Every structure is written in C-alpha cells, then in structure tokens.
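Structure, as structure tokens:
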Amino acid sequence: MRRIIDPPLDRIGRRLVPSGISANAVTLAGFAVGLLAVPCLALQWYGAALVAILLNRLADGLDGAVARRTRLTDLGGYLDIVCDFIFYAAVPFGFALARPENAVAAAFLIFSFAGTGSSFLAFAILAARRNLTTEAQGRKSLYYLGGLTEGTETVALFVAICLFPAWFPALAYFFGASCWLTTITRALSAWRSFRD
C-alpha cells in the first residue's frame, strides 16, 4: 500500500512544512483525535468512531511525510510508535466498553497486539545495536520488520468492525490469530538474524 498512499501524503506533507507544523505536532494531534474513538465506541456511535479512526490514520501517514521533508528524529520515531500502539489497544477497549460481551474478544485482540508490538520493538532495538537498516517500507526512524498484520490490515480491521459491530468478536479472534502468525514469523526472523 505504500506505493499508493505515500505520493498523496507526501504532497500534503510538502504543503504543511512551510506553515511550520512539525511532524511531532501532527503525531500528537492525530493521537488525540484517535482517542476520541473510545468514547464514541463506548456510546456505540460507530460512524463517529470510524471518522476518528480514519483521521488518526491520516495523521499517522502525514507525520512521516512531514518528517521526511524536514528531519527524521529519534523523538519523532518514539512518539509515532508509542501513540500507534496505544491507539491500537484503545479501539478494542472501546468495543469492550460498548458491549460487555465483547470483553474477552477485545482482551484477546489487545493480547495479540502486545505480541506484534513487542516482537517489532525488540527486533528494532537489536537491529539498531547491530547497525542493520532497511528502507523496505520507506525511510523510518527505526527498523521496520514486516509481517502479516501491519498498518493497512489493522486499519481494514478497524473499518470493518465499525461498519459491522456485531461481527466484532469473530473479527477480533481472526485478526488476533493472524497477529500471532506475525509474532511467530518475527521471532523466527530474530532467531535467524541474531543468533551468535
């Protein structure tokens, strides 16, 4: 999806840079808007939640576009990944608040996100220590190890569960299981890359 979404995001980012808006400001504003999805979901305002989610994801793409036009920083990379992982956990939490019968499926999805997040970050830390780099997903502040369930797939899940909230448990279990496949493949990559 990077080849499709990056060109328009880069054009918008190019227009934002002269205004003095920093990549970190875009990250934090997008994070704040994304968190509005939680009360919207709790109130079962799924359309409003979807708008908040999509605006968050737009900001997540724009912050990188602005950073590439100005300067990639360690703080920017840190804020981006922390805000992403908190936001990813916030959406299933909102579904658990909406309907208590969603709680176990939401907990499983958050548990699964912990697997993908920790396997991603642990690999990035060790890759930095060994001076490994990649631009497979564009220039980033840290090493991005791919997987079956990444940003595009997660956005597709969030759109689907907002459009079809009754399907939340089934979609959460399916996506959570897919996240564990990602975690396992990342662990295997780490095994191949880091064993001494």
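Filtering segment 42-57 to residues that are without any contact (Cβ under 8 Å) to a residue 40 or more places away in the chain and either on the phi > 0 side of the Ramachandran plot or open to solvent by 50 Å² or more (accessible area, probe 1.4 Å) (or both) leaves 45, 51, 55.
Results for (1) more than 17 Å from the chain's Cα centre (by Cα); (2) over 19 Å from residue 152 (Cα atoms); (3) open to solvent by 30 Å² or more (accessible area, probe 1.4 Å); (4) without any contact (Cβ under 8 Å) to a residue 60 or more places away in the chain, shown as yes or no for each residue.
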position: 76; (1), (2), (3), (4): no, yes, no, no
position: 87; (1), (2), (3), (4): no, no, no, yes
position: 92; (1), (2), (3), (4): no, no, no, no
position: 103; (1), (2), (3), (4): yes, yes, yes, yes
position: 116; (1), (2), (3), (4): no, no, no, no
position: 121; (1), (2), (3), (4): no, no, yes, yes
position: 125; (1), (2), (3), (4): yes, yes, yes, yes
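Applying the criterion of being at pLDDT 95 or above and not in a helix (DSSP H, G or I) to the residues of segment 16-45, the residue that is farthest from residue 95 (Cα to Cα) is 36.
As a summary of the residue check, residue 71 satisfies the conditions (1) out of contact with any Leu (no Cβ under 6 Å at 6 or more places or on another chain); (2) open to solvent by less than 50 Å² (accessible area, probe 1.4 Å); (3) not aliphatic (A, V, I, L, M) except for the one numbered (2). Checking each residue in segment 21-36 for being open to solvent by 30 Å² or more (accessible area, probe 1.4 Å) and either aliphatic (A, V, I, L, M) or under 28 Å from residue 161 (Cβ atoms) (or both) picks out 21, 25, 28, 29, 31, 32, 33, 35, 36. Residue count for segment 164-195 satisfying the condition of being of a type in the set (D, E, K, R) and surrounded by 13 or more Cβ atoms within 10 Å (Cβ to Cβ): 1. Screening residue 81 with (1) open to solvent by 20 Å² or more (accessible area, probe 1.4 Å); (2) closer than 21 Å to residue 37 by Cβ gives one miss only, at (1).
Those helices (runs of 4 or more DSSP H) of segment 46-140 in which at least 3 residues are at pLDDT below 85 and over 16 Å from residue 151 (Cα atoms), considering only elements entirely within it, cover 46-69, 103-129. Among the listed residues 18, 39, identify the single one that is open to solvent by 30 Å² or more (accessible area, probe 1.4 Å), out of contact with any helix residue (DSSP H, G or I) (no Cβ under 7 Å at 6 or more places or on another chain) and touching a residue at least 40 places away in the same chain (Cβ under 8 Å). Just a single option satisfies the conditions, and that option is 39.
The values are calculated or read from the model by the stated rules, or taken from the named source; none is laboratory data. Because the structure is a prediction, the values reported are computed rather than measured. FYI the Cβ positions are ideal-geometry reconstructions off the backbone, even for glycines, and counts take in every protein chain you see. Areas reflect the complete protein model, heavy atoms only, side chains present, ligands, DNA and RNA absent. Shrake-Rupley method; radii C 1.70, N 1.55, O 1.52, S 1.80 Å.
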